[in-house]
Amino acid sequence: MRVLAEVHRHDGYPLNWPDQPGAWLSDGPLLGSWVAELDGRPVGHIALSHAAAGDSAPAVWSGRTGAPPEAAAVVTRLFVSPRARGHALGALLVGRAVEEAQRHGLHPVLEVLSADHAAAALYERLGWELMDTVEQQWSPQQTVYVRCYAAPLAAR
């Protein structure tokens, strides 16, 4: 939780601090999660889950490809400590999640807040395709816009 708190203070991710950070990291129908270490200390995290109700990226991907949303896997909860950046750990974590999605015969997709330019730049450098930007109602008082990405076809 220390690394997540550090990222939240530095980058504002996650946008809304969860009541139970540990549960938030493992929430949903997970296919797996991984932790990156640097010098024997945890410095990053990523998770992969089945598509769930309310996930926009699987629905957008389904509409573009004609495949059912259940054929997608959602890459989520990616963060790397600010002090550990510059070691390609984000790219390595994404690569690991993509491998696991492939192992399950699923196509990786993800959502990122439209204001999170650094995350969007990472995914675009890795060849992910921006499919659409959609509005999500996170609460009666909070509307956000998320960019929906799909992994490149070579990642299938």
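The values are calculated or read from the model by the stated rules, or taken from the named source; none is laboratory data. Quick caveat: nothing in here was measured; it's all calculated off a predicted structure. Neighbour counts are summed over all protein chains in view; Cβ atoms, including those assigned to glycine, are modelled from backbone coordinates with ideal geometry. Side chains are part of the model used for accessible areas, which takes the heavy atoms of the whole protein and leaves out ligands, DNA and RNA. Shrake-Rupley method; radii C 1.70, N 1.55, O 1.52, S 1.80 Å.
Just checking, which of ALA84, ALA97 is touching a residue at least 60 places away in the same chain (Cβ under 8 Å) and not hydroxyl-bearing (Ser, Thr, Tyr)?
ALA97
Here are some conditions: (1) open to solvent by 20 Å² or more (accessible area, probe 1.4 Å); (2) within 17 Å of the chain's Cα centre (by Cα). GLY90 meets all but one. Which one does it not meet?
Here GLY90 meets the rest and fails (1).
Identify, from the list GLU70, GLU37, the residue that is in a helix (DSSP H, G or I), touching a strand residue (DSSP E or B) at 6+ places or on another chain (Cβ under 8 Å), surrounded by fewer than 20 Cβ atoms within 10 Å (Cβ to Cβ) and of a type in the set (D, E, K, R).
Answer to the selection: GLU70.
For SER56, state whether it is among the hydroxyl-bearing types (Ser, Thr, Tyr) and at pLDDT below 95.
So SER56 fails the test.
Evaluate the following for GLU129: is it among the acidic types (Asp, Glu), over 13 Å from the mean Cα position of the chain (by Cα) and surrounded by 15 or more Cβ atoms within 10 Å (Cβ to Cβ)?
Yes.
Please enumerate the residues belonging to the range 2-18 that are under 17 Å from GLN142 (Cα atoms) and open to solvent by 30 Å² or more (accessible area, probe 1.4 Å).
GLY12, TYR13, LEU15, ASN16, TRP17
Quick test for you: out of ALA57, ALA84, ALA101, ALA73, pick the one residue that is more than 24 Å from PRO29 (Cβ to Cβ) and small (Gly, Ala, Ser). Write out each step before concluding.
Working: ALA57 fails: more than 24 Å from PRO29 (Cβ to Cβ); ALA101 fails: more than 24 Å from PRO29 (Cβ to Cβ); ALA73 fails: more than 24 Å from PRO29 (Cβ to Cβ).
Exactly one residue qualifies, and that residue is ALA84.
Can we say VAL144 is touching a residue at least 12 places away in the same chain (Cβ under 8 Å), touching a Lys or Arg at 6+ places or on another chain (Cβ under 6 Å) and open to solvent by less than 40 Å² (accessible area, probe 1.4 Å)?
no
Looking at the range 103-123 only, could you name the residues that are of a type in the set (D, E, K, R) and without any contact (Cβ under 8 Å) to a residue 12 or more places away in the chain?
Residue satisfying the conditions is ARG103 alone.
Is it fair to say ARG64 is touching a Phe, Trp or Tyr at 6+ places or on another chain (Cβ under 6 Å), open to solvent by 50 Å² or more (accessible area, probe 1.4 Å) and in a helix (DSSP H, G or I)? If you could, list the steps in order and put the result at the bottom.
Working: touching a Phe, Trp or Tyr at 6+ places or on another chain (Cβ under 6 Å): no; open to solvent by 50 Å² or more (accessible area, probe 1.4 Å): yes; in a helix (DSSP H, G or I): yes.
Answer is no for this residue.
How many residues does the range 132-141 hold that are open to solvent by 50 Å² or more (accessible area, probe 1.4 Å) and free of Cβ contacts under 8 Å to residues at least 12 places away in the same chain? Working first, answer last.
First, pick out the residues of the range 132-141 that are open to solvent by 50 Å² or more (accessible area, probe 1.4 Å): 132-133, 135, 137-138, 140-141.
Now narrow it down to the ones that are free of Cβ contacts under 8 Å to residues at least 12 places away in the same chain: 135, 137, 140-141.
Total meeting the criteria: 4.
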